[in-house]
Amino acid sequence: MDSLSGLFYGLSVAMQPGNLLYCFLGALIGTLIGVLPGLGPAATMAMLLPITFYLDPVAAIIMLTGIYYGAQYGGSTTAILINMPGENSSVIACLDGYQMAKQGRAGAALAVAALGSLFAGICATFVIALFAPPLSTMVLSFGPTEYVSLMLLGLTALIVLAQGSILRALAMIVLGLLLSTIGTDLATGESRLTFGISELYDGIEFVPIAMGLFAITEIVKNLESPEMRSIVTQKLDRLWPTREDFRRGFPASARGTALGSVLGLLPGGGSILSCFASYALEKRLSRHPEEFGKGAVEGLAGPESANNAGAQTSMIPLLTLGIPSNVVMALVAGAMMIQGITPGPQILTQHPDMFWGVVASMLIGNAMLVVINLPLIQLWVKLLKIPYGLFYPAILVFACIGVYSVANSTADLYMLIVFGVLGYLLSKWRCEATPLMLAFVLGPMIEENFRRAMQMSRGDATVFVTHPISAVLLAIAVALLAMAVLPSMRSRRDEAFKEG
Amino acid sequence: MKVNLRSGDVPLGLLLMGFALAAMWNLRELEFGTFTRMGPGFIPLVLAGMLLVLALAILIKGLVGHDEAVRYAFKPLAIILAGLAFVAVALDHLGLVICIPVLVIIASTAQGRVQWKPVLALAAFLTAFCYVLFILALGLPIPAFPV
């Protein structure tokens, strides 16, 4: 099936009433959590994961992806109106978006963000439709050797892209890999690292770790530094950008889309990295760099497009390689596995309705999001008046129900507590949870493929450099690592993360 | 050289070292195997060794470096965890209709000054909402009432 007929087929799947409903629900929930600071897409999806078991597989994945890109729209609303990012990826929208709002152009800023996101969303959908099918055909020929090298490349990219200390990122990855080996070894049936606790024989569940490291940690950190919420409510009479805004915003939006589409593919990339990089690019290209931070349209349109494009193209590694590139995609992978679908190149041939349905639903979802966001903006702003004190107990309740429902066992609730403590301490010690989480997900795949590769080569470890594809992947990994360690690149990397 | 014990590196290094040593001790009797036929202990032991080296590096960096001291807020953490611990212990016996309001009330005290009226209203609303959505509508096998 070529890309165009695939997309049409996908539209016919996504237009089925049930799928349309879940697409809308995903977009709505995404906007909601995007607007509300303190609850991110990863935690939300972790809570909803057990429920997706009761849904049709296609509908479940359509809803979950909708939450992710929907959150990118909602996050910028809060950033523009009250100078507080609803999502991490909206930090950049605070810079110029809030300045525009202060100059009385809040409506224009919101419209620029929404239209930029819509444009990026549509383009990114076509990027997936064009590039994912040939990529999965190529990946189908990968053996265990290539897979190991590919995953090592992925982990290396995580280290390079992680903020802060490389040593800590590496330690988090090794810890994540080690945690993933807990439980019964599939090859021999021996139990490993269980310390005699029978609940650990099946290994640690993904949901309690994700909830502990992200949701619980986030709540405690919010409680220790209460934020002041001052809503600058002003009349939003004019919701349409000027011609000048279009002239300056559109090229920025197009560049942001292109940049985001590429960066979204990188492990640990996705939406956050994309918008930082786009802001830096726009500032460099602009003839008026002094306007940045004071309400430059380019500084809003570019990053807003980039984060939405990045959010969507981060689906590509999951759909073609079976490798989640960020925590949100790891949750989507988890949802697929609950439904009995293994993420990877075979999705395209074995479940074309899921592949094309999900891709096409992004077109519909993005269109819905503009409608959900712009006319209903006043409603979302009202939601911000709910004090955090009433908000976090509700998150805890849903977290408990979600964690318990994974295996209908209170053992996972104890696990939630353990990882809540660990997550809080790690965040205090400036360690990122994302490398740990992704390593935990990739761990079993790496071990299985590594052992198989070594068995096939009769213990000859040189296969990783004598197989051409594997050698190329490893060479890229080494180059990335060298770049991160070299002092000149290091300072530039830190600079890129600092402000853009 | 001044030894810096309050930076994050020292406790992080010690914790990771503890994890690595515990893992190595647990794995000591598992078959290590060879490169061709790896035993169940091969990969975890290699990883634990790597973790030990990294933990040592972080620890040394912390001892000689001059990082800022870390400030912890253990009170909200302890209260939130106490609420979760109650649910973990009681859910199978007391069910959702008891656990949800208790969790909401315990967790609310983590914010210092509590306004009880909205908190109690939230507890009642969440209990009803979760009962209707998860038990009645979705039919999740969660204990609902005390047994």
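The values are calculated or read from the model by the stated rules, or taken from the named source; none is laboratory data. These figures come from a predicted structure and were not determined experimentally. Every residue, glycine among them, receives a Cβ derived from its backbone with ideal geometry; neighbour counts consider all protein chains shown.
Things to note:
- Test for B:Ala85: is it free of Cβ contacts under 8 Å to residues at least 40 places away in the same chain, at negative phi and either assigned to a loop (DSSP other than H, G, I, E, B) or more than 7 Å from chain A (Cβ to nearest Cβ) (or both): no
- Odd one out for A:Gly86, checked against (1) in a helix (DSSP H, G or I); (2) touching a residue at least 40 places away in the same chain (Cβ under 8 Å); (3) buried (at least 24 other Cβ atoms within 10 Å of the Cβ): (1)
- Count of residues meeting criterion [in a helix (DSSP H, G or I) and either modelled with pLDDT of 85 or more or at the interface with another protein chain (Cβ under 9 Å from one of its Cβ atoms) (or both)] in region B:128-147: 9
- Scanning region B:1-28 for residues that are within 11 Å of chain A (Cβ to nearest Cβ), touching a helix residue (DSSP H, G or I) at 6+ places or on another chain (Cβ under 7 Å) and modelled with pLDDT under 90 returns B:Ser7, B:Gly8, B:Asp9, B:Val10, B:Leu27.
- Output for region A:412-456, where each listed residue is surrounded by fewer than 20 Cβ atoms within 10 Å (Cβ to Cβ), farther than 22 Å from B:Leu16 by Cβ and more than 8 Å from chain B (Cβ to nearest Cβ): A:Met445, A:Glu448, A:Arg452, A:Met456
- The condition (being within 14 Å of another protein chain (Cβ to nearest Cβ) and crowded, with 19+ Cβ neighbours inside 10 Å) is satisfied by just one residue among A:Gly344, A:Gly402: A:Gly402.
- The set of residues in region B:39-52 that are facing another protein chain (nearest Cβ under 9 Å) and either on the phi > 0 side of the Ramachandran plot or of a type outside the set (Gly, Ala, Ser) (or both) comprises B:Pro40, B:Phe42, B:Ile43, B:Pro44, B:Leu47, B:Met50, B:Leu51.
- Residue satisfying all of: in region A:179-207; in contact (Cβ under 8 Å) with a residue 12 or more places away in the chain and of a type in the set (A, V, I, L, M); surrounded by the fewest Cβ atoms within 10 Å (Cβ to Cβ) among these: A:Leu186
- Top-ranked residue in region A:246-283 [being β-branched (Val, Ile, Thr) and crowded, with 22+ Cβ neighbours inside 10 Å; ranked as farthest from the chain's Cα centre (by Cα)]: A:Thr257
- Options A:Ala453, A:Ala479: the member that is of a type outside the set (Val, Ile, Thr), more than 22 Å from B:Val46 (Cα to Cα), modelled with pLDDT of 85 or more and part of a helix (DSSP H, G or I): A:Ala479
- Test result for A:Ile166, buried (at least 21 other Cβ atoms within 10 Å of the Cβ) and either at the interface with chain B (Cβ under 9 Å from one of its Cβ atoms) or touching a residue at least 40 places away in the same chain (Cβ under 8 Å) (or both): no
- Checking every residue in region B:31-50 against the condition of being out of contact with any Asp or Glu (no Cβ under 8 Å at 6 or more places or on another chain), part of a helix (DSSP H, G or I) and in contact (Cβ under 8 Å) with a residue 60 or more places away in the chain gives zero matches.
- Some residue of region A:355-368 being more than 14 Å from chain B (Cβ to nearest Cβ), surrounded by fewer than 24 Cβ atoms within 10 Å (Cβ to Cβ) and modelled with pLDDT under 90: no
- Among the criteria (1) on the phi > 0 side of the Ramachandran plot; (2) within 24 Å of the chain's Cα centre (by Cα), the one B:Gly139 does not fulfil is (2).
- Residues of region B:106-118 that are within 17 Å of B:Val87 (Cβ to Cβ) and facing chain A (nearest Cβ under 8 Å): B:Ala107, B:Ser108, B:Ala110.
- Pair list, Cβ under 6 Å, 6 or more apart: region A:144-160 residue within 11 Å of A:Leu473 (Cα to Cα), other residue hydroxyl-bearing (Ser, Thr, Tyr): A:Thr145/A:Ser470; A:Glu146/A:Ser470; A:Ser149/A:Ser470
- Which listed residue, of B:Leu56, B:Leu77, is facing chain A (nearest Cβ under 7 Å) and in a helix (DSSP H, G or I): B:Leu77
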